[in-house]
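Engineer: One structure, pasted below without further comment.
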Amino acid sequence: MKKWLFAAGLGIAMAASASVQAADSIAVVNMGNLFQQVAQTTGVSKTLENEFKGRASELQNMEGDLQSKMQKLQRDGSTMKAADRSKAEKDLMAQRQQFQTKAQAFEQDRQRRSNEERGKLVTRIQSAVKKVADDKGYDVVLDTNTVAYAGSSVKDITADVLKQVK
């Protein structure tokens, strides 16, 4: 019986020791905060805005022209000849379809480029997390947004990773 109690006590002590050692090799990082700060400092949104500025302006002009033609047709449609009104409606429908096609292509291209830039940032952040974790001897780094609870012994390395990325 004494051997059994001694073995159980030894097992509990080893488990407690292992959990303390495990806590020393676990860190957390706030990936959302890092992503936001790195995106702001690198100017990704400005780059994308400048890249798509011309096409966005063209779409705005097309939309304004389309709206003015629709208003003109509504205003003057009742006094126009049937053939002229029909031609104007067909032209308007064709222009609306062209606008929708260009707007959809624009949105797809903008989304694709945004995803590319986002992927580059995530790769940079992940590399920085790995470097900081290796340098500081952490075996596991978790995102703070996925951790339900982290005690005071778990180190937050977000600031260190941010320094590494910059």
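Engineer: Just to be sure I understand, if you calculate log10 I(q)/I(0) by the Debye sum over Cα atoms at q = 0.12 Å⁻¹ for this structure, which of [x] -0.60; [y] -0.52; [z] -0.76 do you get?
Structural biologist: [z]
Engineer: Nearest 0.05, what FRET efficiency do Q108 and K53 give at R0 = 30 Å with Cβ-Cβ as r? Please list the in-between numbers first.
Structural biologist: Details: r = 17 Å, r/R0 = 0.58.
It comes out at approximately 0.95.
Engineer: Another question, if that's okay. Could you work out the local net charge near T41, counting Lys and Arg as +1, Asp and Glu as -1, over the other residues with Cβ closer than 13 Å to its Cβ?
Structural biologist: Numbers: positive: K46, R124, K163, K166; negative: none.
Residues close to T41 contribute a combined charge of +4.
Engineer: Okay, moving on. Which aspartates and glutamates does K120 reach when only Cα atoms under 19 Å apart count, and residues fewer than 8 places away in its own chain are ignored?
Structural biologist: Cα-Cα hits under 19 Å: E49, E51, D109, D143.
Engineer: Okay, moving on. Too long at a 18 Å Cα-Cα cut-off: which of K131/K155; K69/K90; K72/K102; K46/K163? Show your work: numbers first, answer last.
Structural biologist: Details: K131/K155 15 Å; K69/K90 12 Å; K72/K102 23 Å; K46/K163 22 Å.
Violating the 18 Å Cα-Cα cut-off are K72/K102; K46/K163.
Engineer: Also: What is the dipole size for the chain, taken about its Cα centre, with +1 at each Lys and Arg Cβ and -1 at each Asp and Glu Cβ, in debye to the nearest 20? Don't skip to the end; give the middle numbers.
Structural biologist: Details: 26 positive and 20 negative charges, 49 e Å.
Magnitude of the dipole: close to 240 debye.
Engineer: Something else now. Amide H to amide H, which residues 5 or more places from D143 or on other chains are under 5 Å from it, using H placed in the peptide plane?
Structural biologist: V29
Engineer: Something else: Which helices, taking whole DSSP H runs in the chain, have alpha carbons extending 20 angstrom or more along the helix axis plus mean Kyte-Doolittle at least 0.0?
Structural biologist: Values: long enough: 2-24 (33 Å, 0.75); 44-76 (46 Å, -1.29); 82-136 (79 Å, -1.44).
Result, helices passing both filters: 2-24.
Coordinate-derived values only; no laboratory data. Not measured: the values here are computed from a predicted model. Because the Cβ atoms are built from the backbone with ideal geometry, glycine has one as well, and the counts that use them run over all protein chains shown.
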